[in-house]
1. Just reorder Thr293, Thr219 by solvent-accessible area, largest first, 1.4 Å probe, all chains present.
2. Starting from the Cα coordinates of the chain, work out the convex hull volume and express it per residue in Å³.
3. Please tell me which of these pairs span more than 27 angstrom C-alpha to C-alpha: Lys18/Lys233; Lys129/Lys281; Lys18/Lys227; Lys79/Lys137?
4. What accessible surface, in Å², does a 1.4 Å probe find on His172, ignoring ligands, DNA and RNA and rounding to the nearest 10?
5. At 222 nm, what value in deg cm²/dmol follows for the chain if DSSP H runs of at least 4 each add -39500 (n - 2.57) and the sum is divided by all its residues, to the nearest 500?
6. With a 1.4 Å probe and all protein chains in place, put Asp29, Asp116, Asp277 in order of accessible area, largest first.
7. Probe 1.4 Å, all protein chains in place: accessible area of Met299 in Å², nearest 10?
8. For a protection proxy built on the mean count of beta-carbon atoms within 10 angstrom, sort 68-80, 85-97 highest first, please.
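The values are calculated or read from the model by the stated rules, or taken from the named source; none is laboratory data. Since the model is a prediction, treat every value here as computed from it, not as a measurement. FYI the Cβ positions are ideal-geometry reconstructions off the backbone, even for glycines, and counts take in every protein chain you see. We work out accessible area using only protein heavy atoms, side chains counted, and drop any ligands, DNA or RNA first. Shrake-Rupley method; radii C 1.70, N 1.55, O 1.52, S 1.80 Å.
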Amino acid sequence: MSSLLIIRTPFQAFLAQKIIEIENILSYDLIYFTEHNSEEDIYYFRQLSSRARNSDYYYVNMKGPSILSSFVFKYKTLKWYKEKTYQNIICASIDALFINSLIKHYSNAKLITMDDGAANIYENGIYFKEHSYLRIKVYHFLLQSLSLSKVKSRIDHHYTIYDGKRNIVPHHKLIPIKKLLNNNINKNKGSSKTYFIGAPFEYCMNPEQIKRLENLIETFDIDYYIKHPRENKRLNIEIPYLNKNGRIAEEAILVNSKSENIILIGWFSSVLLNMGDLCLKRIVLLARDSDNTKELTKMSRDAGCEVILF
């Protein structure tokens, strides 16, 4: 018997490598879903697939309603619904219908989940609010998927990088990952490098807010722009991209900074939360007139970040 590893983002793949070691998983199959086919997706798929018994990489670039991608992904993965037995299913994106359809199919497998970045502690986000619209019920029926609440009830245990924070399962099911990154760094000594953390800004802000953000960023002395894997349109700012060589932002920054202090600047991002112990300073930039600014401000400050409203 083996495990089925289902991945949707480079960060999930990075975290899954640690969980494989903690769980002492010797045999696993891998399904990697992506709607972006980024350099990071390819890099981490190659790392995980090199140790997998069987692996498939599914890329769907659909324009229009996201539910269309779910149907295409389900169709592409029909072979994974044939008779197989898994001891464990390990995944993160339990809101994705094409993923929890697989969870439903392998009803006897132990479900092990992990954080999908800051979304797991954002209580107004996708993992905490379940819609009961008729069309959602129709999608569940057509895709043979589970409701979010039913998937949560299946979770045996959940790995988190945000110890002490409310998550998608009760506290007794949480297992903290204590050392996400190498933290053998001396802060407050020597020079610093400053990194701007990118995001899919076109989905987070309106054009007027983006323009204000660009003007604010120009007031900082920033060394590198860290492009987000889902960032299709970069900000209009004169900052060079950091070549991540396929790595997630956290790993790429540690490699580039070497022994220098790290300063991070960006919109609310899991990168700024994840690298807290490694940074000299972290600054979160939030639009004053966004609906979620109050909650994101609190989360940022609770994590030890400085917040600037623009």
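1. Listed by decreasing accessible area, they come as Thr219, Thr293.
2. Spelled out: Cα convex hull of the chain, divided by residues, is 137 Å³.
3. Lys18/Lys233; Lys129/Lys281
4. Here the accessible area works out near 150 Å².
5. -9500 deg cm²/dmol
6. Reading off the accessible areas and sorting them downward yields Asp277, Asp116, Asp29.
7. For Met299, solvent-accessible area is about 30 Å².
8. 85-97, 68-80
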